Every structure is written in structure tokens, then in C-alpha cells.
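Working notes for the structure below.
The values are calculated or read from the model by the stated rules, or taken from the named source; none is laboratory data. Since the model is a prediction, treat every value here as computed from it, not as a measurement. Here the Cβ positions follow ideal geometry from the backbone for every residue, glycine too, while neighbour counts run over all protein chains shown.
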Amino acid sequence: MEDFSTHEFTVLRETIRARGGARILSFLAGMASWALLLILVLVWIPNPVAAVIPLLVLVATFEVVRVLHLVVERIGRYLQVFYEERGETASLAPPAWERAAMQFGPSVPGAGGHPLFLPIFLLATIANALAIVFPGPLRVEAITLAVPHLAFVGWMIYCDRGMRQQRASDLARYRALRDTAMPDRARP
């Protein structure tokens, strides 16, 4: 069973690495696609309604980044609870990356940037509004098209708040699962 446990740990760490890299590449590809589409809309479709097209790309990019981050964090908490907090006596100390990263993060504000790239997405959403403003919209068009932009900003802020609570929530849920499913391994 020890071989399975070692294999699981290795595969999950590789998954974190791969998805962490995919998050950054998805962000870069999505932002490049959004910027190109915004330029095309501003040049070729000077209609305020066309601002929704690049906004959809921006929203989709944010969702991909958010889900990849969520999964990476969730796997990290699983490793922390089921591998780092095992409570088993072993000849070697258990891995401690997840605990160390979790403790390091909050103590150094801004040390690693925003995991959801929120400031950049907020700036991009504001820039996307140029596709509404430049064609000279009617007042009703400007108000109507501001709604999806503001809804997206609200969604990003909501997701950011959820992300800030995710680690503690996932830790509590995994610990409860571990203690319920494996009471003999539960930590005092």
C-alpha cells in the first residue's frame, strides 16, 4: 500500500504543477485573444453592442483561470491533510510544501501576485468598455451594456472573496472527511 501512497502523492504533485502552468498559459492566451478581438471590434464593428463579444472572451478566460486555481488549491489541501498531517511515525519527515506555502502566503502581502489575476481582469474589463464608449452610444445602449460589465466585476469580486476563504474551508472539510473515514488516523 505504501507504493500506492507514494504514487498518488507524486501524481497529485505533478497535477498541481501541470495545472498551475496551464492556468498561466490560459491567462496569457485568453488575454491575447481578448485584446485582439477588442481591437477588431473597435476597428471593424463600431457598434456598442459588439462590446459583448470581447467581454465573453474575457469572462471565459477568467472562468478557466478560476477553475484551474480552485482545483490546484483543492488538491494542495488534500495533500496537506492526507500526507502532511498523517500522524504516522515515519523514518523520514512528511512533505511540508503545502503547509509552508499556506503559512508563507498571508505573511507576505503581494509576494506572489494575485492568483486569479484580478487586477488585470479588472483593468481589462474597464478597457473593454472602450468598445461601448468609442462608437458614441445612445444613453440606453450605454446603460444596458454597462450591466454585463458590472455583473462581471461583481462576479470577480465574489470569486475573490470565496478564494480567500477556500483554503480554510477545504482544510476543515478534508480533516472532517479524514477523521470520519479513518478514525484510527485522526489527529488528536
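Observations, loosely collected:
- Among the residues of segment 7-45, those that are modelled with pLDDT of 95 or more and of a type in the set (S, T, N, Q) comprise Ser26, Ser33.
- Being free of Cβ contacts under 8 Å to residues at least 24 places away in the same chain, under 14 Å from Val52 (Cα atoms) and in a helix (DSSP H, G or I) holds for only one residue in Val147, Val140, and it is Val147.
- Residues (of a type in the set (A, V, I, L, M, F, W, C) and modelled with pLDDT of 90 or more) located in segment 169-188: Leu171, Ala172, Ala176, Leu177
- All positions within segment 16-42 that are loosely packed, with under 15 Cβ neighbours inside 10 Å and among the β-branched types (Val, Ile, Thr): Ile24, Ile39
- For Cys159, the conditions (1) modelled with pLDDT of 95 or more; (2) more than 21 Å from Glu73 (Cβ to Cβ) are fulfilled apart from (2).
- Members of segment 1-54 found to be of a type outside the set (A, V, I, L, M) and within 13 Å of Pro135 (Cα to Cα), listed by number: Trp44, Pro46, Asn47, Pro48
- Residue match in segment 119-131 (condition: modelled with pLDDT of 85 or more, outside any helix (DSSP H, G or I) and under 23 Å from Val41 (Cβ atoms)): yes
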